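Everything below concerns the one structure shown next.
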Amino acid sequence: MRFQDNASILFFLASFCQYVHGAKPVIRPKEKMTTSEEVKPWLRTIYGSQNEIVTPTVIAGVTFSAKPDPTSDALKPWVSLKKDGTPQTIKPEIKKGRTQRKSPDYSTYFKTATMRTYSYEELKAANMDPDDVHEEEDFIDEDDTYVSLNPIIRCTPNRYFNKGPARDIPSEPFCTPRENSNWKVGKTYFVTWFTRFFEDEHSGEVAEKVRVHLSYVKEKSKEMGNHKRDLPATFFTSEWIDNVDGLLPIEIKEEWLQNKYERRIVVSVQPVSIPEEEFNPLQNGVLLYISMGSKVYKPTKEQLALQDAGISDDKWYYVALSIPTVVVIFFVLMYFFLHANGKNRDFTDVTRKALNKKRRVLGKFSEMKKFKTMRNHKYTELPSYKKTGKQN
């Protein structure tokens with residue numbers, strides 16, 4: 001079989017692959033989104049006689065303001081936070097008669113300490129004299145009317161981490177995110193802080209309102225790790241929110257990167273008691289990164305309308321899937337074709353032409369100008385020397 005015959009067969013295989021590549025895509029059934037649990041508003045009575053309708057909200061898969069169970073359960077799952085501020089569900093379990101991974105105990109972190117004085121008339125203690133008084137520290141529980149609707153673990157000083165180059169600076173007031181965490185575009189992260197950190201040292205009052213800032217940080221190579229950083233701009237500022245919540249969910253926007261893959265930022269919380277011109281985001285802020293990561297695809301309203309109508313425009317998707325299959329089929333057919341015609345291939349005419357071209361590159365030595373004046377001496381005309389007696 002000549003080379004021209006092989007070329008015609010290859011052309012046929014290529015045409016076959018082109019036909020397969022242009023095949024009509026299969027129409028897949030319309031996907032329907034379903035939820036296992038539907039959140040509904042519910043009614044409760046607060047402060048003894050005040051009725052209130054509570055509307056649950058789902059953020060990053062976490063349901064806030066959900067209706068509580070009628071009975072308490074020690075093994076009820078609760079929501080913790082990873083180092084970057086993403087939620088994770090913790091399921092308690094009993095091992096050797098003890099409850100492991102149980103919901104957190106906040107001790108007295110959110111209680112108000114007071115000194116109460118008792119007189120003899122109040123206690124009637126046998127070891128007290130009529131003129132004696134007894135002083136004892138007492139803790140008043142916080143108002144959990146709205147705090148109880150938050151299912152996420154709260155930030156307390158025992159959950160602080162160490163930050164800075166030497167890891168010797170406490171992260172107060174933050175618990176999440178950890179320093180140098182990576183926030184990716186399209187995902188939601190929870191910023192959490194200890195609410196009582198913003199307490200006035202003179203009056204003892206805790207700030208009622210705070211707001212969260214995200215600011216760009218510019219670091220020079222010679223200043224890395226020395227806390228000498230410029231703050232070009234604050235690109236995100238939340239509304240004033242209740243400090244008692246101690247958290248804020250933040251969804252990372254692509255435009256925050258300003259056409260870059262990654263940016264260095266600082267997260268800070270400003271209490272209402274500190275004016276904006278006196279607030280320094282780097283004083284108690286946490287440094288981290290925001291990056292593009294895996295771009296999240298969100299269908300537009302028009303695309304959702306087409307999907308509801310059963311119309312799909314995913315032809316490119318099926319064509320892309322068909323390309324690897326076509327390539328595999330092509331190489332399998334090529335392998336069997338070459339194996340079956342291995343003895344009939346004749347490329348001598350091609351190789352002969354290539355060799356003849358190589359021979360014509362230099363030509364004859366006698367025709368080269370460089371070697372025309374050279375004399376070609378015979379081997380016998382080369383000088384010879386007789387051996388001396390010492391050499392014998």
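Structure shown: which of Lys67/Lys102; Lys76/Lys187; Lys102/Lys184 lie over 24 Å apart, alpha-carbon to alpha-carbon? The pairs that break the limit, which is 24 Å between Cα atoms, are Lys76/Lys187; Lys102/Lys184. Using only Cα coordinates, the Kirkwood hydrodynamic radius of the range 77-129 works out to 15.8 Å. Qualifying chymotrypsin sites (Phe, Trp or Tyr not before Pro) in the range 130-219, where qualification requires a DSSP coil assignment and no more than 14 other C-beta atoms within 10 Å, comprise Tyr146. Around the amide H of Val206, modelled in the peptide plane, lie the amide H atoms of Asp200, all under 5 Å away and 5 or more residues distant in sequence or on another chain. Less than 5 angstrom separates the built amide H of Phe236 from those of Leu214, all sequence-distant by 5 or more or on a different chain. Annotation: amide H of Val191 within the under-5 Å range of Leu248, Ile250, sequence separation 5 or more or interchain, hydrogens built in the peptide plane.
Here the Karplus curve 6.51 cos²θ - 1.76 cosθ + 1.60, taken at θ = phi - 60°, turns the phi angles of the range 70-79 into couplings of x, 10, 6, 9, 5, 9, 6, x, 9, 9 Hz, with x standing for Gly and Pro.
Bear in mind that the values in this text are calculations on the coordinates, not laboratory data. From a predicted model like this one, the values you see are computed outputs, not experimental measurements. Note that we place each Cβ from the backbone using ideal geometry, even for glycine, and neighbour counts take in every protein chain shown.
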